[in-house]
1. Computed FRET efficiency, Cβ-Cβ of ALA104 and ASN209, R0 30 Å: what is it to the nearest 0.05?
2. Would you work out which of GLN85, ILE171, VAL35 lies farthest towards the positive end of the dipole of the chain? Charges go on Cβ: Lys and Arg +1, Asp and Glu -1.
3. Using alpha carbons only, how many degrees (0 to 90, rounded to 10) separate the axis of helix 142-167 from the longest principal axis of the chain?
4. At R0 = 41 Å, how high is the FRET efficiency between ASP312 and SER49 if r is their beta carbon distance? Nearest 0.05 is fine.
5. Can you work out the FRET efficiency for the pair GLU280 and ASN303, with r the C-beta to C-beta distance and R0 = 22 Å, to the nearest 0.05?
6. Label-point separation (nm) for ILE64 and LYS16, each offset 7 Å from Cα along Cα-to-Cβ?
7. Need the list of lysines near LYS146 for cross-linking: C-alpha distance under 21 angstrom, and skip anything on the same chain fewer than eight residues off.
8. Just how large is the dipole of segment 205-327 about the Cα centre, in debye to the nearest 20, putting +1 at every Lys and Arg Cβ and -1 at every Asp and Glu Cβ?
Amino acid sequence: MTERENALHVIWHDGKAEWIPAGCDCLEMIMPTDVVRERPPYALGIGGSGYDYWGCWWELEPKIMGASPLPGKHPCKDITKWREQVTFPDIDAIDWSGAEKATARLDRENRLSMFFWESGPWERLHALVGFQEALEYMYEEPEAFKELMQAITDFRIKMVPLIKEHYNPDIIINLDDFGHQRGQFMSNAMFREFIMPYDRQVGDAIKANGMIYCHHSCGKIDGLMEEICEMGPQMILGLFYPYNDQEKIVKEFGDKLVFVGAVNCQLVENPDVTEEELREETRRATAVFAPANCMIFDPGTFNPVKAGPMYDEFKKIRDQYRPNAVQ
């Protein structure tokens, strides 16, 4: 059985997986920002500040080497006038030639490819109108809010078959953050009304086009997991520790979802973290998810100096949770 086949059995929850997979062996990430420009045309903001293809300005923060929409510079100043103030990207003008280069290296026989698709409907809306303004518009202009969310969702749904055609990924990661470190951005009722229907439509389109729907969300989302599960993802990239009750979520949803990268990312990315702390965090996360066979282990970092010992520790301990695992 290949790493790809084994990982698919984990995702399908069919009981046929022979070992608990490590992301370094079974997953390959496609970072498409030079083509599908939900952020400026460079990976993760490393190239500096700039505009995405919606006309939103992303400001680079050098200390964290990441970019985010700059408050006050959002293009839509009045959501009731979004039709005049929001410029949708021209799908027909997208140059897909960069996709060939991005996919040429993929090992499709042995690994699953994951398309990292930033700025889901909610993230795109608040990039366009401002974050605080977006939350206020739910109360002050709910009709216009929903109209813009649907228009963004319709655009995203049109993109799905094109992503399939040009990248042909096994998995699409729809990125839409629903919380901060201490809580959700909104109540469950507000989430169900203003956010959930639109991400569910995107997820339905992903699955209808023969791909696996993985949802990414940062922040404290454990209180929204019932709603997120109803959105239909097969995988969750997130549920980070320690501010999410991972053990509770595994008990309730471990038979329905597969969790990727559910570690303490703040610890992992701390410049002063020790190798033993990284290994201990690997042991902690594995002990939570591995008994339910609902994980693909990922260290939550692209830094090989940190990922290396975490993967090493995971491979040392994973088989104790699967008595029939292939040695």
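1. That gives a FRET efficiency of 0.85.
2. Value: ILE171.
3. Rounded to the nearest ten degrees, it is 50.
4. 0.65
5. Taking R0 as 22 Å, the efficiency between GLU280 and ASN303 is 0.80.
6. Distance between label points: 4.2 nm.
7. Output for LYS146: LYS77, LYS81, LYS158.
8. Magnitude of the dipole: close to 400 debye.
Bear in mind these aren't lab numbers, they're just calculated from the coordinates by the rules spelled out. Values in this document were obtained by computation on a predicted structure and should not be read as measured data. Glycine gets a Cβ as well: all are built from the backbone with ideal geometry, and neighbour counts include every protein chain shown.
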